[in-house]
C-alpha cells in the first residue's frame, strides 16, 4: 500500500472521529448520565467502524500517540510516521470545521479542558489514560490471529478510558483530536497539554510493552 493511500485513510479516519465523536459531545453534552455515556460510546463506535473499514489500508491509527508508539515499537518508518501525523491533524481540523454548518461556531466542538484548572493533574490523567489505551492496542495487534477482534477490543478500550476521562478533561488521548476542536473553540492556549501528554503516554506504553514482550520472548 502506498504512503499516499495510507495518509488519505488516516485523514478520513481522523475526520470521522472528530466529526462524529466530538460532534456528539458538542451536540448532546456530558451534563447528564445519558449524554456522558453517549459521548463515551460514540468514541468507541467510531474506532470500531474505522478499524474495519480503513484498518487494512493504514492500520487505523487515527491518533498521533498510537503512531508514535508504533514508531518506537519498530512497526513503522519515520517517513510513514511523519505522513500519518500530518494526515491526522488535517483530518481532525477538517472534522471540527465540518461541525460549524450544523452546530454553529459556538458549539464548543467537544474541545478538551483542564481539570480544576490544573496543568499537572490534567497532564497526569491524560498520560495514564493514553498509556492504558495504547497498551491495549499494542497487545491486541501483536498477534495476527487477533485481527478479527482487534477493532472491537480497541473500540471498547477507548470507551473505557472515556468513561473515566470525560469527568476530568473531556478525554483527549489523541493530540489530533484535541487540536482540531481547540482551533475552532478558541482554546489553543492549553491545547499543548493535550498534545504532549498523550504523546508521552503513548511512548510510555510502547516502552512498557517492549519490556513485557521481551521478557516473554526470553
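Every read-out reported here was derived from the displayed coordinates using simple, explicitly stated rules and does not represent laboratory data. Just so we're clear, the structure is a prediction, and the values are computed from it rather than from any experiment. Note that we place each Cβ from the backbone using ideal geometry, even for glycine, and neighbour counts take in every protein chain shown.
Here are some notes:
- Semi-axis lengths (Å, descending) of the ellipsoid that matches the C-alpha gyration tensor of the stretch 91-156: 30, 21, 8
- Spatial separation of Cα centroids for the stretch 142-208 and the stretch 44-60, in angstrom: 15 Å
- The distance separating the Cα centre of the stretch 19-40 from that of the stretch 62-118 comes to 18 Å.
- Gain on full extension, evaluated as 0.36 nm per residue between residue 102 and residue 116 minus their Cα-Cα distance, stands at 2.0 nm.
- Cβ-Cβ FRET estimate between residue 145 and residue 34, R0 fixed at 45 Å, reported to 0.05: 0.75
- Packing-based ranking of 158-168, 13-23 yields 13-23, 158-168, ordered from highest to lowest mean Cβ neighbour count within 10 Å.
- Cα-based helix-to-principal-axis angle, 119-140 vs the chain, degrees rounded to 10: 40 degrees
- If R0 is taken as 22 Å, the Cβ-Cβ distance between residue 152 and residue 1 corresponds to a FRET efficiency of 0.45.
- The chain: angle of helix 78-97 to the longest principal axis, Cα-based, in degrees nearest 10: 20 degrees
- Angle between the chain longest axis and helix 3-16 axis [Cα atoms, degrees, rounded to 10]: 40 degrees
- Cα-based equivalent ellipsoid of the chain: semi-axis lengths in Å, sorted from largest, via gyration tensor: 26, 19, 16
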